[in-house]
Every structure is written in C-alpha cells, then in structure tokens.
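> Have a look at the structure that comes next, please.
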C-alpha cells in the first residue's frame, strides 16, 4: 500500500527507492513506445500502475500520512509504556475492570479514549475523558479527524492524544492508566515499526518518555466496549458527538486508501461477473443469487471436507445427484428413491426420506418453510444446511456410492426373483 501511494507522489519530491524504480520503468516504457512499430502493441500497464491510476483521482498525495523509513533501529523494540490486553471474555474482563477502578490507588489518573463514526455525522470522531483519583471528571475532549480515515485511525490517535495530555499534567508519583476498547490500536503502539500509524507511535513514545522523566508511570490497557464500563461509555458518547463538529485534519490514512482499493476491486469484479451472467443458463447459481466477493470461503470450523464439498455442489447444481448425473449419461434416470426428481431443491426441501432430519433446517421458525436462497446464500442458512448434510450425508461421494450399491442389490434381487419364477 505504501509503495502505491508513494508512486502517486511527484517523483521529484521523493527519493524513495520505489519511486526511483517507478520512474525508471516509466522512462523505459516511453523509449520503447517511441521506437515501436504501429503494429506492435504498447506494453500493458503493470498491476501497480492499474491500482495507482484507480486511486489517484480520489485523494491528494500531499495529504497522505507521513512515514519515516528506518526511523526505529532494528534493536529498539521496547516502548516506554506497558501494554496490557486481557485474554478474558468481555463480560468477565469488564467486571474485573470495574472492581479495579473502584479500588484504584489514590495517585492513579484514569483516561478513557474511544473513536466512532455515525450515519448522522461526518468523518471519524474521537472522545477522551480524564478521571482523577477522587472520581471527578477533570477533562473532556472531542476531535474530528475527517473523512479520509477509519475508526482504527481514530482509536490510534485517541490513545496518542491521551498520552500527550497525561504528559501535560504529569507530576512525580502519578500513575496514568489509559484505556481503549480497540486491541488493534494498542498492538500497533506496542511494537515500533515503519508501518502505517507510525506518526502516532512516534508521538506516543516521545510523550511517554517525557512522563517517565517527570517521575510518573504510564500504561495502555484494553477495556471491553459496550459492557457498562462507565468511563468507556462516556468516551464513546464524546466520540459520537465529535462526528458532528468540524474536522481538524485533512490527512489521508493508508488504511482508508486500502479500504477504497478493496471496494473498487469488489465493484469491478461484480461488474465483470454480472456482465458474464447474461451468457449463463437461467438455472445456474449465479443467475439466481447475487454475487458475494470474499477473499476466503467462509464456513464454520471443524466441518468435514466431504460435507463442505457437498454444500458447494448443491449450491452450483453440479454433484452427486441424479438430475446432474443423468445430463452426462452417468445415470440412466433422474429418479430419487422416493419417486420424485432427485435435484438439490428436492433433497433439501421436500424429499420424504429425510423428513425427520429436515426439522433442523427450520427449527428456529417451524411455521416458515426454508428456501434455497436462505439455505445456500445466508450465514444462518448455510450453518443449518451443513448440519443437515452431516446428518444425512446427501450429495457426498459416500452417499452416492452407497445408494448405487443398494440399487444394484435391488436390481439383482429382482432379476433373481424373475429367474426363480421362470
């Protein structure tokens, strides 16, 4: 991501190796195009150039967040603050936090931070609340960092601003405990690196070192959000209010650009797939259900491979069922053992052989009959369909082979019966 955005900047303003290589490639391409014959096609744009061209019109490179490469030496891996992230569940962690806050030390100053975006507001809002040892709220702050950011960036900056505020009031013997409900932001501040978010990390380290030099202590801590932790709830309400105030920043984050690239990628894929849909038969899965673009096939864990394969065969209509096997001459008929046509719809929705097992498909709402779209195209429906396949083994290879074996035995028995009569 950094490389793409660096290439969007004016090459004369950057001596980064990536920009130098990009300039060299562009020059070579121009020289080759000059000597090329009319019949020769120009060199195709690289993937880097395609992405660069797609995002160049959406942001000003001069507003891009700054990164100082090689700022942190490889041997400097420690930071001047502790980062504590509990491995407990949210409810238990919230209960322990509330007890610790109630019986906190007399010299402990607690700071809560949060970030938010709302439909009514614009941009990302940050809320900061400072609570003194006597329980009095001594400081509240709201910040809006603009539209070219993500909530993650707001969480990161919120903690950084909290550290800087702690430095401004630090006295010898103070203990500052800063709380955030965003684990990703805390992990980012924990390890020095040249990755996006570095500017916040540099500011946080400098402010924390100043706090230590004043004889005070500081720690960053995770607190579960939306679990009745009063300080976190206050910071959350301040963050929501902050989305309605004017922005104090026009900076563009790498994370925001990354989300834009993912969105454009999905939109391009959807456009291509929908165009190709016009050439597909009306019975295909893609013609009946909208496309969902994902980098991974999402299925619950601990599911057998054969079960997952059967699910996707039922989705696309190509698998171990006779409506498909007959089309390719693998089966002489498309009859189910119950007498109906053996198709994905029949097996999942109506085959009487699986009537008892089918109750799992609509156990949450017995009065509503499940549909193929629900069973194969929604998260809740897919989970129930996987349970149904596990129970019945329909559309799996073992189910198909067992059925063939039983049919052969039945045919053999019928032939033997006729032979006896003859």
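The values are calculated or read from the model by the stated rules, or taken from the named source; none is laboratory data. Note that the structure is predicted; figures quoted are calculated from it, not measured. Quick reminder, even Gly has a Cβ in these numbers, built from the backbone with ideal geometry, and neighbours come from all protein chains shown.
> Got a sec? Which helices (runs of 4 or more DSSP H) wholly within the stretch 317-410 have at least 3 residues that are in contact (Cβ under 8 Å) with a residue 24 or more places away in the chain and closer than 25 Å to residue 305 by Cα?
372-377, 379-392
> Considering only residues that are part of a loop (DSSP other than H, G, I, E, B) and in contact with a helix residue (DSSP H, G or I) (Cβ under 6 Å, 6 or more places away or on another chain), which ones fall in the stretch 226-264?
Across the stretch 226-264, the qualifying residues are 227, 229, 250, 251, 253.
> A further question on this structure: Which residue is surrounded by the fewest Cβ atoms within 10 Å (Cβ to Cβ), if the candidates are limited to the stretch 68-89 and must be out of contact with any strand residue (DSSP E or B) (no Cβ under 8 Å at 6 or more places or on another chain) and under 19 Å from residue 177 (Cβ atoms)?
Only one residue fits best here, namely 87.
> I would also like to ask the following. Looking at the stretch 359-381, which of its residues are surrounded by 14 or more Cβ atoms within 10 Å (Cβ to Cβ) and touching a helix residue (DSSP H, G or I) at 6+ places or on another chain (Cβ under 7 Å)?
Result: 360, 361, 370, 372, 374, 375, 376, 381.
> Is it true that residue 197 is at pLDDT below 95, on the phi > 0 side of the Ramachandran plot and crowded, with 16+ Cβ neighbours inside 10 Å?
yes
> If you take the residues of the stretch 171-187 that are under 28 Å from the mean Cα position of the chain (by Cα) and buried (at least 22 other Cβ atoms within 10 Å of the Cβ), which of them is farthest from residue 113 (Cα to Cα)?
Taking the candidates together, the pick is 185.
> Could you say which residue among 109, 51 is surrounded by 14 or more Cβ atoms within 10 Å (Cβ to Cβ) and more than 26 Å from the chain's Cα centre (by Cα)?
After applying the criteria, what remains is 109.
> Which members of the stretch 160-170 meet the condition of being within 18 Å of residue 138 (Cβ to Cβ) and within 27 Å of the chain's Cα centre (by Cα)?
Answer for the stretch 160-170, where residues must be within 18 Å of residue 138 (Cβ to Cβ) and within 27 Å of the chain's Cα centre (by Cα): just 161.
> Checking the condition exposed (fewer than 14 other Cβ atoms within 10 Å of the Cβ), farther than 26 Å from residue 157 by Cα and modelled with pLDDT of 90 or more, which residue from 24, 41, 102 passes?
Step by step, each of 24, 41, 102 is checked, and only 102 is exposed (fewer than 14 other Cβ atoms within 10 Å of the Cβ), farther than 26 Å from residue 157 by Cα and modelled with pLDDT of 90 or more.
> I need the full set of residues from the stretch 257-276 which are surrounded by 12 or more Cβ atoms within 10 Å (Cβ to Cβ) and either more than 17 Å from the chain's Cα centre (by Cα) or farther than 23 Å from residue 149 by Cα (or both), in order please.
Within the stretch 257-276, 268, 269, 270, 273, 274 meet the criteria.
> For the stretch 151-161, check the following and say yes or no: at least one residue is in a loop (DSSP other than H, G, I, E, B) and buried (at least 23 other Cβ atoms within 10 Å of the Cβ).
Checked against the condition, which is being in a loop (DSSP other than H, G, I, E, B) and buried (at least 23 other Cβ atoms within 10 Å of the Cβ), the stretch 151-161 yields no hits at all.
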